[in-house]
Every structure is written in C-alpha cells, then in structure tokens.
Amino acid sequence: MRPLTAHIDLDALRHNYLQARRCAPEARAMAVLKANAYGHGAAACARALSDLAPAMAVACLEEGQALREEGIECPIVLLEGFFESSELDEIITGGYWSVLHTHWQVEALLERLTYWPQHRVTVLIKCDSGMHRLGFAPDEIQNLCQRLRAHAGIEQTLLMTHFATADAPDNALLTRQLDTINTLRTRLDLPGCFANSPATLSVPNARHDWVRPGVMLYGVNPLEPGHVLHDDIDRRLQPVMTLESRIIAVRELPAGEPIGYGARHVTRRPTRVGVVACGYGDGYDRHAREGTPVLVDGRRAGIAGRVSMDMLTVDLTELPEADIGSRVTLWGRDVSGATLSVSEVALWCDTIAYTLLTGVLPRVPRCYHRSDASNASMDARALP
Ligand SMILES: *Cc1c(COP(=O)(O)O)cnc(C)c1O
C-alpha cells in the first residue's frame with residue numbers, strides 16, 4: 001500500500017471539544033463538522049463526539065444527511081440555512097435547525113410549516129453585526145423575531161451572528177460587533193449563539209447560550225501570535241490529524257544540480273535528497289516554499305524543490321540516518337511525540353491551517369484511532 005495516511009486521533013478530538021466546553025461552561029457547544037469535519041472525516045468525528053455534543057453544525061443539508069445516515073440523532077444546525085424550498089420538508093421533519101439569513105428563507109419556511117401542523121422547528125436568526133457576509137441588518141431583527149415567535153410552528157428562535165476578527169487581539173471591529181449583538185440580545189431577550197473558536201477561547205461576552213467551535217476541535221489554535229492567550233491555548237489543544245508518509249527513494253547529488261519541476265531548487269553543496277510519497281494530488285499545498293518543514297523520524301528537514309502531484313522532495317543532508325522507509329510527518333504528532341503544527345506549515349504555504357486540513361483529498365486514507373477501541377479502524381472509502 002502507498003504509505004501516505006491521515007491518522008485521526010479521536011481522543012484528541014474529544015479532548016479539544018472538552019476544552020471548548022471548559023472555556024464556556026455556561027454555554028452549550030455545538031460541534032462544527034462542516035467540510036467533512038475540516039477534512040478529518042465527518043462520520044467518524046460525529047460518532048466520536050455523539051455522547052458529548054448536544055448539537056452538531058454543518059454547512060448544508062447534504063452534509064447533515066450524511067450524519068443522519070451514520071445514526072447521528074442530535075439536532076443538526078445548517079449554518080447557511082437552505083438554498084431551495086425543496087429542502088424544507090426534510091428540514092422540518094428531520095431534526096434540523098436552520099439558520100435564516102434572508103427574507104425569502106423566512107417566507108418559504110413559514111409557508112411550508114403550514115403543511116406540517118404537527119411539527120415545530122428551531123431556527124437561528126442571523127444578524128449581520130458588522131462582518132457584512134450573511135445576515136439581516138440589526139434593525140430588521142426585532143420585527144422578524146416577533147413574527148417567528150408568534151408562529152405556532154416555531155419551537156425556539158436563537159439569535160446568531162458571526163465575527164470577522166475574533167482571532168486578533170483587541171480590535172475595534174470586534175468591539176463594535178459585540179456592542180451591536182449584545183444590545184440586541186438583551187433587548188429581544190433571545191438565547192445567543194455567537195462564538196466561533198477564537199471567540200469561544202478568548203471573548204467572554206460572546207459566549208452566552210451556545211458556542212460554535214470548529215477549528216479548535218481539530219487542535220488548531222485560531223488566535224493570532226501576539227494574542228495574550230496564544231501560547232496558553234497552544235498548550236491546551238492537541239493535534240487531531242497527523243499526515244504521515246515515508247521516504248520512497250534517496251538520491252546523492254553533487255553541488256549545482258537541479259531538483260524537480262522547473263528546477264526551482266539547485267543544490268548549493270553535495271546534497272542527499274529524499275523523495276516522499278505525498279504531493280498536491282493528495283492535497284499537500286503546491287505553494288510550499290523552499291525549506292517548508294517536515295519531520296523525518298521525528299527530526300526536522302526542509303522541502304527542496306517544487307511539490308509535484310504524487311511526491312515531494314526533502315533535503316536529508318543533515319540526517320544521514322534517514323533512508324528509504326523512514327517515516328515522514330507532514331504535520332501533526334509522530335510516534336515519538338515530536339510535533340509539527342499544521343499552522344506552522346500553513347505559514348510556509350502563505351495560507352491558513354483551515355485550507356490545509358480541508359484540502360486533504362479523498363485519495364488519502366483516513367485511519368481512526370481511539371483508545372477504547374481494540375484496534376484502529378481503517379476508513380479508506382472515498383469521502384465527500
Ligand atoms: C465554520 C463556522 C464556524 C466555526 O468556525 P471556526 O473558526 O472553525 O471555529 C462557526 N460559525 C459559522 C457560521 C461557521 O461558518
């Protein structure tokens with residue numbers, strides 16, 4: 001078998017979920033599992049959290065249906081609501097909580113509820129408190145809420161918003177968003193659901209009734225370096241995905257020789273090059289710069305030359321013991337306990353950890369580990 005595997009540590013996932021709960025003990029925490037649980041495998045992650053999380057959140061009904069098919073029974077929040085009225089019958093009858101962010105959604109839902117007099121639904125009314133992506137203007141919320149509250153088919157209305165800059169240290173936009181949404185919440189006396197991971201971790205007056213941690217569940221510290229809590233949070237979260245492969249070939253090159261496509265790297269000294277079975281066809285970012293770190297049997301080495309579709313090349317000159325078969329950790333925690341954070345790799349690729357994790361492609365088998373299971377289970381099925 002090709003040695004590239006994404007090992008998924010479900011104990012770490014549970015640990016990180018409990019960290020989110022510890023941050024917001026008064027709130028309930030819905031586990032955000034959209035985009036195939038940020039690339040980790042939504043079904044396995046949902047099952048691993050099913051006894052802890054009172055609700056789960058996904059982007060759309062199709063992602064929710066995939067969880068229902070795995071036997072997930074808790075409320076499933078649709079973070080973008082629905083895209084067509086044809087989704088409504090299933091939303092109303094299937095235990096989904098829809099976000100409502102535009103007028104046509106409100107009208108379509110209230111209309112469709114008349115066909116289901118024995119069903120009541122919970123909705124999240126989304127306020128655009130300043131990010132200017134989805135949501136109603138703050139001054140539209142009161143009327144909408146009155147209509148929803150008056151409707152017999154609405155079980156519960158939560159007030160929702162999303163923050164643009166909760167990851168950055170004290171900043172004016174976050175203050176403005178908090179003022180807007182907290183004023184509205186108090187005035188309308190609605191349960192609030194505002195906090196993504198960075199707000200869950202660092203913004204006490206954003207937590208309220210429900211929090212929506214996503215990336216922190218997967219062990220990524222979402223706070224910017226410079227944030228007072230940054231180092232502390234780094235210690236409290238555990239990486240969930242370890243992307244691991246092996247060296248499949250080694251070359252000894254004299255100085256002055258090119259490596260790989262475009263000859264981007266030319267050796268400046270006699271160089272030992274290791275070829276690793278992992279490339280952009282697996283989701284590894286082709287933007288990785290010269291020197292992007294990997295761990296080879298737990299020790300750091302740097303990428304030399306462009307990432308290709310199925311392979312990448314690393315400079316092993318300082319690691320004479322590395323050879324064909326040596327274990328290569330692209331990110332995560334290797335068997336010796338050495339770690340390389342996906343956030344650090346992301347910096348070298350001019351991106352963020354979110355894109356690297358969600359970018360791991362279906363061709364990479366996920367291998368799930370959980371301490372109470374007698375064996376790790378292998379799940380190599382193509383994932384959505
Ligand atoms: C993705 C998402 C989240 C989770 O965000 P993280 O930064 O990953 O914690 C929360 N709320 C909404 C609306 C989202 O789309």
Task: Distance in nm between pseudo-label sites at SER50 and GLU224 (7 Å out along the Cβ direction from Cα) - done: 4.1
Open item on the list: Using a Förster radius of 35 Å, what is the FRET efficiency between ALA168 and GLU90 based on their Cβ-Cβ separation? Nearest 0.05, please.
Closed with: 0.35
Task: Long-range amide H partners of ARG28 with built H, under 5 Å - done: TRP210, VAL211
Open item on the list: Which one, THR339, THR93, THR122, has the greatest fluctuation when you compute a Gaussian network model over the chain with C-alpha springs under 10 angstrom?
Closed with: THR93
- [ ] Quick one: order SER336, SER341 by neighbouring beta-carbon count within 10 Å, fewest to most.
- [x] SER336, SER341
TODO: Find how many whole Å separate the alpha carbon centroid of the range 51-82 from the alpha carbon centroid of the range 253-311.
DONE: 40
Open item on the list: Sequence gap at least 6, Cα distance under 8 Å: using those rules, report the relative contact order of the chain to the nearest whole percent.
Closed with: 17
Open item on the list: If the elastic network links every pair of Cα atoms under 10 Å, which of PRO258, PRO293, PRO191 fluctuates the most in the Gaussian network model of the chain?
Closed with: PRO258
Open item on the list: For the range 241-369, what does the relative contact order come out to in percent, with C-alpha contacts under 8 Å and a separation of six or more?
Closed with: 28
Open item on the list: Could you list TYR17, TYR38 so that the one with the fewest beta carbons within 10 Å of its beta carbon is first and the one with the most is last?
Closed with: TYR17, TYR38
Open item on the list: Nearest 500 deg cm²/dmol is fine: what mean residue ellipticity at 222 nm does the chain get from its DSSP H runs of n ≥ 4 alone, each adding -39,500 (n - 2.57), divided by its residue count?
Closed with: -8000 deg cm²/dmol
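Please give the FRET efficiency for ARG176 paired with VAL335, using the beta carbon to beta carbon distance and R0 = 35 Å, rounded to the nearest 0.05.
0.15
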Open item on the list: Sort 151-157, 319-325, 19-25 by the packing proxy (mean of other Cβ within 10 Å over each peptide's residues), most packed first.
Closed with: 19-25, 151-157, 319-325
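Bear in mind these aren't lab numbers, they're just calculated from the coordinates by the rules spelled out. Predicted model only: the values in this text are computed from it and were never measured. No Cβ is skipped: glycine too gets one built from the backbone with ideal geometry, and neighbour counts run over all protein chains shown.
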